[in-house]
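The next block holds one structure in the form of structure tokens; read it before the comments.
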Amino acid sequence: MKTKEIKLKIRSVNSIKKITKTMEMISISKMRRSVERALASRTYSHYALELLVNLSKDRRVENKLMLAPAEADKELLIVLGGNKGLCGGYHTNLYKALNLYLSLGGLTAKSEIKAITVGKYAEKICQKLGLENFASFNNFSEYSTIEQTKELSHLVVKEFIKGKYRSVKILYTEFLKSTAYKPVLSEIFPVNINTLENILEEANSEEALSGRESLGGLAAKSGFYFTDYKFEPDIDSILENVLPGLVDVVIHQTLAEAFASEHSARMFAMKNASDNASVILDDLTLAYNHARQHGITRELSEIVAGAEALNG
């Protein structure tokens, strides 16, 4: 390879490295903000789930959001993805998780599922797997407030109350730490107390493993867990008001978790790209020096040969 060609490649790789390094720094900034928002609301969302457990445990309630419609034959699935790529295996992991659910979830046909997608890549995933896209939301970001995400949660509540769907589930990525996240499939409706308690137990075990006091332990200390309440006017009226607000909280929290995970994945993807660019630059620089040395040696040989020919 000629030195001119190598210099052009070095310049090209340098430009790419500058871009990936800039994107890495931007992702770091966005990830920090997203993580702060996710962690700030995570405790509140878990306490909201505990409140629902307290309200509904060992009580007979008649609320449409807590009962699966008897004649419903479809499932509504919310898939949270991103609007941008260059985030490593983030969307691939979502695709694999959804594909695994479709193959092992016990559903007889994909026609039984309608999808609500958040993000352009969620749309692509559902299209690739042959799922019908019921609605799309591509305007959410890490800056979206709970008031803005209510558009999605209100749509979900309205559709489930109509009695068309036997369940509503959400697929998102839960943020664990800056180097790890995992796809999670959670059922939102019908509100199942056993499911909620499993979520709380899992959250408590994760907190314990991380060396922090569990949410359940904190709740027990505060007298919040398994508290006996007095209801005015009655529990059904209270649940009618509490449940839609709880859905708002849950969906907003899942969005915050998903955005934190996405920015974390993009940060590491860009870091790896920058590191790989540095390795390529080292190799190209070495090749350039070899080619340049070879060219100088060849020129000197030609000069010496020409001088000897003149003297001869």
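Bear in mind these aren't lab numbers, they're just calculated from the coordinates by the rules spelled out. Since this is a predicted model, take the numbers as computed values, not measurements. Note: ideal-geometry Cβ built from the backbone for every residue, glycine included; neighbour counts use all protein chains shown.
A few points about this structure:
- Phi angles of segment 236-246 translate, via the Karplus equation with coefficients 6.51, -1.76, 1.60 and θ = phi - 60°, into HN-Hα couplings of 5, 5, 5, 4, 4, 8, 6, 4, x, x, 5 Hz per residue; Gly and Pro are given as x.
- In this simple spin-label approximation, ASN311 and LYS96 carry label points 7 Å from Cα along the Cα→Cβ vector, and these lie 6.9 nm apart.
- A simple rule links phi to the HN-Hα coupling: the Karplus curve 6.51 cos²θ - 1.76 cosθ + 1.60 with θ = phi - 60°, which for segment 21-28 gives 5, 5, 5, 4, 5, 5, 5, 4 Hz, with x for Gly and Pro.
- For LYS164, a cut-off of 28 angstrom between C-alpha atoms picks up these lysines, skipping any fewer than 8 places away in its own chain: LYS57, LYS64, LYS74, LYS96, LYS110, LYS114, LYS120, LYS124, LYS128, LYS150.
- J(HN,Hα) series, segment 2-16, from Karplus relation 6.51 cos²θ - 1.76 cosθ + 1.60, nearest Hz, glycine and proline x: 6, 4, 5, 5, 5, 4, 5, 5, 4, 5, 5, 5, 4, 5, 5
- Inter-part distance where segment 262-312 and segment 1-15 are each reduced to a Cα centre, Å: 8 Å
- Each label point was placed 7 Å from the Cα along the Cα-to-Cβ direction; for ILE16 and SER301 their separation is 3.3 nm.
- Counting 0.36 nm for each residue step from ILE146 to ASN83 and taking away their Cα separation leaves a gain of 20.8 nm.
- Treating each Cα of segment 100-175 as an identical point scatterer and summing with the Debye formula, the log10 of I(q)/I(0) at q = 0.12, 0.14, 0.17, 0.19 Å⁻¹ comes to -0.38, -0.52, -0.77, -0.95.
- Less than 5 angstrom separates the built amide H of PHE189 from those of VAL168, all sequence-distant by 5 or more or on a different chain.
- Within a straight-line Cα-Cα reach of under 19 Å, LYS7 can be paired with the following lysines, leaving aside sequence neighbours fewer than 8 residues apart in one chain: LYS17, LYS18.
- Shape of segment 234-312, Cα gyration tensor, a/c cut at 1.5: prolate
- If the chain linking GLU71 and ASP282 were pulled fully straight, counting 0.36 nm for each residue of separation and taking away their Cα-Cα distance, it would gain 69.4 nm.
- Applying 1/(1 + (r/R0)^6) with r as the Cβ-Cβ distance of LYS162 and ALA40 and R0 = 30 angstrom yields a FRET efficiency of 0.30.
- Which of ARG33, ARG42, ARG298 has the fewest Cβ neighbours within 10 Å, and the rest in rising order: ARG298, ARG33, ARG42
- For a paramagnetic label modelled on GLN293 (point 7 Å from Cα along Cα→Cβ), amide N atoms under 18 Å away belong, within segment 1-21, to 1-4, 6-7.
- Separation of the SER178 and LYS9 label points, Cα + 7 Å toward Cβ, nm: 3.4 nm
- Annotation: amide H of TYR181 within the under-5 Å range of LEU176, sequence separation 5 or more or interchain, hydrogens built in the peptide plane.
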